[in-house]
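The next block holds one structure in the form of structure tokens; read it before the comments.
Each reported figure results from applying straightforward, stated rules to the coordinates on display, with no laboratory input. All figures in this text were calculated on a predicted structure; none of them were measured in a lab. Positions of Cβ are backbone-derived with ideal geometry, glycine not excepted, and every protein chain shown enters the neighbour counts.
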Amino acid sequence: MQYIVLTVFWILWCSIHSLLISTSVTNYLENKTGQYFKFYRLFFNLISLVALIPVLLYSYQIKGQLIYTWEGYLIIIQFILFMIAFILFLTGARKYDMMQFLGIRQIQSGQSHTPLTESGKIDMSGVLGITRHPWYLGSIIIIWVINKHIYISTLIINCILTIYLIAGTYLEERKLRDICGERYRSYQKKVSMLIPFKWVRGQIKNIF
């Protein structure tokens, strides 16, 4: 029963998070709130954080059967994956507008900004030339390596969050195509969405 409740809690949080940031909801609220919509991103971040707290508190109470442990030589792989995720977050932060992500830029300017780089243009340099969504990829990696022990409850949460992040990436892609049109479609052809298969293939071609 506790695993069912755990699953429902996490799916509910993911659903609320997605609903609040969906285009239909944000467009509706922008039309209704007018100039006050500039506070929405900040409000969204706060609501998401507050709603996450009880879900995390309940999750930490449940462990269940131990499935897997990072130990021995596997700790080296865990560390390498953790560092890859850290680099993805760090290099991504240098490309994205962090003030916009937090919702402060919108309040300062009074305008809604596109969910792109700080310049608002498609940037294919650095990490964005390797993967189109370094933060999503980094998040997927980190949820699987952050815990030394993987219990049944951990597995459930990780699977839900992984599915949610992949689904969120596709939704973000749709939004960016609507905003940027052919420019973003061209970007999609050159750079992989998450796992950098196209970048690796390009590097192999350069070597041989």
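Any idea what Rg and Dmax come out to for the chain if you just take the C-alpha atoms, in Å?
Looking at the chain, its Cα Rg and Dmax stand at 19.0, 58 Å.
Under a plain spin-label model, where a point goes 7 Å from the Cα along Cα-to-Cβ, how far apart in nm are L42 and Y68?
Spacing of the two 7 Å Cα→Cβ label points: 4.1 nm.
Provide the FRET efficiency to the nearest 0.05 for the A51-D123 pair, computing r from the beta carbons and using R0 = 30 Å.
Computed FRET efficiency for A51 and D123 comes out at 0.40.
When you count, for each residue, the other Cβ atoms within 10 Å and take the mean per peptide, how do 132-143, 163-174 rank with the highest first?
Top to bottom by mean Cβ count within 10 Å: 132-143, 163-174.
Could you pull out the pairs from K38/K190; K148/K198; K38/K189; K32/K95; K95/K190 whose alpha carbons sit more than 23 Å apart here?
Listed pairs above 23 Å: K38/K190; K148/K198; K38/K189; K32/K95.
How large is the helix-only mean residue ellipticity at 222 nm for the chain, computed as the sum of -39500 (n - 2.57) over DSSP H runs with n ≥ 4, divided by its residue count, in deg cm²/dmol to the nearest 500?
Rounded to the nearest 500, it is -23000 deg cm²/dmol.
Contour minus end-to-end for M98 and I4, with contour as 0.36 nm per residue of separation and end-to-end as the Cα-Cα distance?
The span from M98 to I4 would gain 30.2 nm if fully extended.
Calculate, in whole percent, how much of the Cα-Cα pair population of the stretch 128-208 lies beyond 16 Å.
60 percent
So if R0 is 35 Å, what FRET efficiency would I179 and L81 give, r being the distance between their Cβ atoms, rounded to the nearest 0.05?
Approximately 0.60, to the nearest 0.05.
May I ask you to derive the relative contact order of the chain, considering only C-alpha pairs under 8 Å and at least 6 residues apart, and to give it as an integer percent?
The normalised contact order for the chain reaches 27 percent.
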